[in-house]
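Reviewing the structure listed below.
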Amino acid sequence: MVELAWQALEDSIINYRGLPVGTVAACDSHMSSLNYDQCFTRDFAVSALAFLMKGETEIVRNFLLETLTLQSWDKRMECFQPGQGLMPASFKVVHSKNSEEYIHADFGEHAIARVAPVDSGFWWLVILRAYVKASNDWSLVHSAEFQTGIKLILDVCLTTRFDMFPTMLVPDGSFMIDRRMGVYGYPLDIQALFYVSLRAARELLKPEDEYIAVVEERLGNLAYHLRSYYWLDLQILNEIYCYKVEEYGITAINKFNIYPDTIPEWLKEWLPEPGGYFVGNLGPGRMDFRFFSQGNLMAIVSQLALEEQSHSIMDLISVRWESLIGRMPIKVCFPAIEGRDWETITGCDAKNIPWSYHNGGNWPFLLWLLAAAAQKTNRIELGYMALEVAASRLFKDKWPEYYDGRHGRLIGKEARRYQTWTIAGFLVAYEILNNPKHLDLISFPEDTVVIACSQPLPGFSG
Ligand code: GLC
């Protein structure tokens with residue numbers, strides 16, 4: 001099965017002027033391709049890891065070089081052009097009439113609902129850092145073009161904004177969940193990726209660069225904010241349950257004015273003991289209690305989660321195995337939003353009906369992160385259990401994009417087959433579980449600088 005998966009991954013490769021530069025999102029000839037014939041930056045991150053683990057660095061190098069030329073470098077005030085520093089959501093190789101090849105990039109202006117990707121630049125940094133770890137090609141990273149590319153991404157993230165949290169404010173659907181799903185504001189998946197990319201950037205910038213101090217400061221504040229205010233376990237739920245509201249000024253305990261009545265009924269029974277997780281979103285008057293897998297798993301792998309928190313998340317996954325993994329690893333988020341909430345939050349999105357697709361569907365590509373988190377926390381048996389569940393179905397089902405149902409028993413209603421990141425996610429999980437060394441490509445050690453820079457929000461007591 002592993003050999004066939006490698007073959008399927010090779011089949012997804014896109015060439016440009018004779019060189020491999022990426023992988024298509026899916027190779028399903030039975031469904032309309034829409035934009036699934038393109039190379040998505042976030043999807044390619046998983047392919048890139050698979051290739052790097054196999055020692056194939058060339059395709060990743062080419063991808064990085066090509067996408068760097070697609071990055072928007074000009075300072076633009078015009079709203080219909082991508083802003084400076086943005087990386088495309090996806091690109092495709094187009095053949096002109098005189099059979100010349102050129103690359104066409106999409107910054108979201110063609111995507112369904114015109115969603116702009118906030119995560120592309122982050123994934124680009126993750127890929128670059130993994131590439132240099134695997135290849136030691138520091139001359140590429142230290143070239144003037146790459147240093148500029150890195151700093152342009154940082155400029156977009158660290159610039160002045162309308163708010164004063166260390167977290168990043170984004171619109172709905174600006175990352176892997178690229179449809180209306182109530183993930184606007186400060187979604188965990190983006191915050192964890194932001195943290196990872198800042199850590200990557202700190203390693204990738206030349207040691208004397210003046211951006212490093214700024215990156216370190218933000219890393220510390222971001223880590224503090226997420227570790228303190230996003231964390232939820234039974235003890236904290238008890239505190240929230242008894243919160244006083246409308247507190248003003250620096251002595252406020254309920255810093256974000258969360259009303260205890262917003263605690264959903266399902267959570268009161270579902271939250272295990274022991275076990276905990278980072279909530280899905282936190283902003284003024286709003287705590288989204290849903291569990292989002294990508295953000296939580298990435299927090300473990302990147303060491304954003306404190307050691308105890310990492311173990312608590314794995315405990316939660318283990319105790320709530322049926323709801324989070326069931327017949328296919330792993331739910332993109334839990335639980336689904338239903339009824340009137342589904343109508344108002346998704347805009348009656350028929351693709352995101354309860355327990356389908358982004359709304360509580362099971363996404364096998366996330367297996368790679370689950371395996372990495374299992375390896376990182378020495379809970380390797382959980383990784384193998386998940387891999388086994390996936391292996392029993394993925395090949396037979398032709399590598400679907402996602403699965404539906406409370407326990408992921410059904411192949412996704414509109415799932416593409418031969419979805420590349422499903423294939424790559426399986427391979428990366430397999431490689432990481434069998435060789436812990438591979439974890440180095442994506443994980444980070446504990447960081448004393450981050451801890452030294454940590455501080456609560458101004459005017460807030462920690
Ligand atoms: C869907 C997913 C998105 C993914 C793309 C290509 O739009 O929501 O996360 O990048 O398909 O696979």
Considering residues of segment 235-252 that are over 15 Å from R286 (Cα atoms) and among the aliphatic types (A, V, I, L, M) only, the residue least open to solvent (accessible area, probe 1.4 Å): A252
Residues that are open to solvent by 10 Å² or more (accessible area, probe 1.4 Å), on the phi > 0 side of the Ramachandran plot and hydrophobic (A, V, I, L, M, F, W, C): does segment 70-92 have at least one? no
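Would you mind finding the one in A424, A429 that is in a helix (DSSP H, G or I), open to solvent by less than 70 Å² (accessible area, probe 1.4 Å), among the hydrophobic types (A, V, I, L, M, F, W, C) and touching a Ser or Thr at 6+ places or on another chain (Cβ under 8 Å)?
Every option except A424 fails the conditions.
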When (1) farther than 18 Å from L387 by Cα; (2) open to solvent by 20 Å² or more (accessible area, probe 1.4 Å); (3) touching a Pro at 6+ places or on another chain (Cβ under 7 Å) are applied to A336, the one that fails is (2)
Taking segment 294-331 as the region of interest, how many residues are surrounded by fewer than 24 Cβ atoms within 10 Å (Cβ to Cβ) and part of a loop (DSSP other than H, G, I, E, B)? 5
Would segment 181-192 turn up any residue that is part of a loop (DSSP other than H, G, I, E, B), open to solvent by 20 Å² or more (accessible area, probe 1.4 Å) and within 14 Å of the ligand (Cβ to nearest atom)? no
In segment 19-41, what residues are open to solvent by 20 Å² or more (accessible area, probe 1.4 Å), within 20 Å of K398 (Cα to Cα) and aliphatic (A, V, I, L, M)? V24, M31, L34
Reported set for segment 153-180 where residues are more than 16 Å from the ligand (Cβ to nearest atom), surrounded by 18 or more Cβ atoms within 10 Å (Cβ to Cβ) and among the β-branched types (V, I, T) is I153, T167
For segment 332-349, enumerate the residues that are within 15 Å of the ligand (Cβ to nearest atom) and outside any loop (DSSP other than H, G, I, E, B). C333, T346
Within the set of pairs 6 or more residues apart or between chains, which connect a residue that is part of a helix (DSSP H, G or I) inside segment 65-92 to a residue that is among the hydrophobic types (A, V, I, L, M, F, W, C) with Cβ atoms less than 7 Å apart? E66/V21; E66/I103; T67/M87; T67/W124; L68/F146; L70/F91; L70/I103; L70/A105
Starting from residues that are within 13 Å of the ligand (Cβ to nearest atom) and of a type in the set (D, E), keep the ones in segment 94-136 and report whichever is farthest from G173 (Cα to Cα). D106
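The values are calculated or read from the model by the stated rules, or taken from the named source; none is laboratory data. None of these values were measured; they are calculated from a predicted model. Methodologically, a virtual Cβ is constructed for each residue, glycine included, from the backbone with ideal geometry; neighbour enumeration extends over all protein chains shown. Only protein heavy atoms, including side chains, enter the accessible area calculation; ligands, DNA and RNA are left aside. Shrake-Rupley method; radii C 1.70, N 1.55, O 1.52, S 1.80 Å.
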